[in-house]
Amino acid sequence: MQTISVHAEREYDIRFVENWQIVFAEIAKSHAKVLVIAPSELVAAFKLESLQSSKVKVLSTPIGESAKSPEYLLQLWDACGDFGLTRSDAIVGIGGGATTDLAGFVAATWLRGISWYAIPTSLAGMVDASIGGKTGINSSFGKNLIGSFYSPNSVIVDRAFLKTLSTRDFNAGMAEVIKAGFIDNPKILDLADAAEKNVSELIWLSIEMKAKIVSQDFRESKIREILNYGHTLGHAIEKLENYKLRHGEAVSIGLVFAAELSNVSGHLNSATVDKHRTLLSKFGLPITYEKSALPKLLDLMASDKKSRGSYLRFIGISDVAKPIWLEQVTSEQIAAAYERISS
Ligand SMILES: NC(=O)c1ccc[n+]([C@@H]2O[C@H](COP(=O)([O-])OP(=O)(O)OC[C@H]3O[C@@H](n4cnc5c(N)ncnc54)[C@H](O)[C@@H]3O)[C@@H](O)[C@H]2O)c1
């Protein structure tokens, strides 16, 4: 088995496995009770009810972002109470990024923190959401505004899950892979561009990058912010669309915007900006957004976690693998960059 280690508030491994059920059985053995949290469509598709036993309870959640809400969280806390989860028990999140974000947050808050394991099933979940210990839900004010830094005991990556993933969701995950390439590793961009895709290597390199950054700055005091490349506008678009776009689709538009902002502010050449468009388009990802939406997006970006006081802050790049902090960006620069991504 191959593993990548993360050094956060605790050390844990990301384990690449051939059969996640074997690992699940080990987890179930090491705790008196295990609560599995998974979206209803995956409970059905992967017959997760079969995991149920006297010590394992499988809880079927709404699909996607609709489960990442304060209202639904209340129901999950009640489910923890009903099941009698104690400090030595565990939660296992099986699903895409929305599910592991939610399962991790329930684990972080129930009894002030119990063990949890992430079994990501989507590409975005494998390469990004399940790695790094950011757990949380959405608020009516914006995306992921309620949450905690709370690492899992381990992350179990079984690439076989990807066989059932829709093309749309695979492509949405590629937005995070491409982001990893632009902020840290040109090899990822070459692999994403290649006619024959080596998906396993793309996953491995993207996880390696995230594990490295998170291990340096778990609580996002500085370097970890680079992972937010494309996310300031991306999160605002997600919210404005009422989560009808996939996270990766909104991030794709946000990546082109962040590259354009880097160009408008004199840091990045146009060829590298265009490379964003070419690569993201290869995966059918959106790269433009409605021109008239800017005022609403500005309001939403103001409540982003990266804002400070009245200034919007963005992560940009000055070249591939050279992230920069765009502090105190002017409204003229934002308008100019937005104009270039407007449809
Ligand atoms: N915590 C973090 O650091 C972090 C990082 C990136 C993204 N995220 C979060 O992750 C979420 C996006 O992740 P996502 O794109 O996986 O979203 P998602 O969890 O909503 O999954 C997208 C869809 O794919 C389905 N799906 C998942 N795996 C499948 C499989 N193997 N076969 C068939 N269908 C499958 C899901 O049920 C869902 O309908 C967002 O909520 C985002 O905020 C968190």
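The values are calculated or read from the model by the stated rules, or taken from the named source; none is laboratory data. Not measured: the values here are computed from a predicted model. Cβ: placed from backbone, ideal geometry, glycine included. Neighbour counts: every protein chain shown. Just the protein is used for accessible areas: all its heavy atoms, side chains included, with ligands, DNA and RNA removed. Shrake-Rupley method; radii C 1.70, N 1.55, O 1.52, S 1.80 Å.
Segment 143-288: percent of C-alpha pairs farther apart than 26 Å?
Here the long-distance tail beyond 26 Å is 24 percent of all Cα pairs in segment 143-288.
For the peptides 240-251, 176-187, what is the packing order when you average, over each peptide's residues, the other Cβ atoms within 10 Å and list the highest mean first?
So the peptides 240-251, 176-187, ranked by packing, come out 176-187, 240-251.
Run the Debye formula on the Cα coordinates of the chain, all scatterers equal and no solvent, and tell me log10 I(q)/I(0) at q = 0.08, 0.14 1/Å.
Rounded to two decimals, the profile gives -0.36, -1.09.
Place the peptides 71-82, 118-129, 87-98, 164-175 in order of packing, highest mean first, counting for every residue the other Cβ atoms within 10 Å and averaging per peptide.
My ranking of the peptides, most packed first, is 118-129, 87-98, 164-175, 71-82.
Which value, in Å³ per residue, describes the convex hull spanned by the Cα atoms of segment 246-319?
Roughly 104 Å³ of hull volume per residue.
Roughly how many Å is it from the Cα centre of segment 45-123 to that of segment 226-257, as a whole number?
25
Please report the carbon-and-sulfur percent of the accessible area for the chain; probe 1.4 Å, protein heavy atoms only, DNA, RNA and ligands left out. List each step's numbers first, then the result.
Details: 7250 of 13900 Å².
Roughly 52 percent of what the probe reaches on the chain is carbon or sulfur.
Might you tell me the accessible area per residue for the chain, computed with a 1.4 Å probe and given in Å²?
Normalised by residue count, the accessible surface of the chain is 41 Å².
Sort largest first and round to whole Å: the equivalent ellipsoid semi-axes of segment 1-40, each the square root of five times a Cα gyration tensor eigenvalue.
Working: eigenvalues 82, 43, 28 Å².
Taking √(5λ) for each Cα gyration eigenvalue gives 20, 15, 12 Å.
Eight or more residues apart or on different chains, and alpha-carbon atoms under 21 Å: count the Lys pairs in segment 185-253 matching that.
Taking the Cα cut-off of 21 Å, the pair count is 6.
Using the Cα centre of the chain as origin and beta-carbon charges of +1 (Lys, Arg) and -1 (Asp, Glu), tell me which of Ala250, Pro152, Thr288 is placed farthest towards the positive end of the dipole.
Pro152
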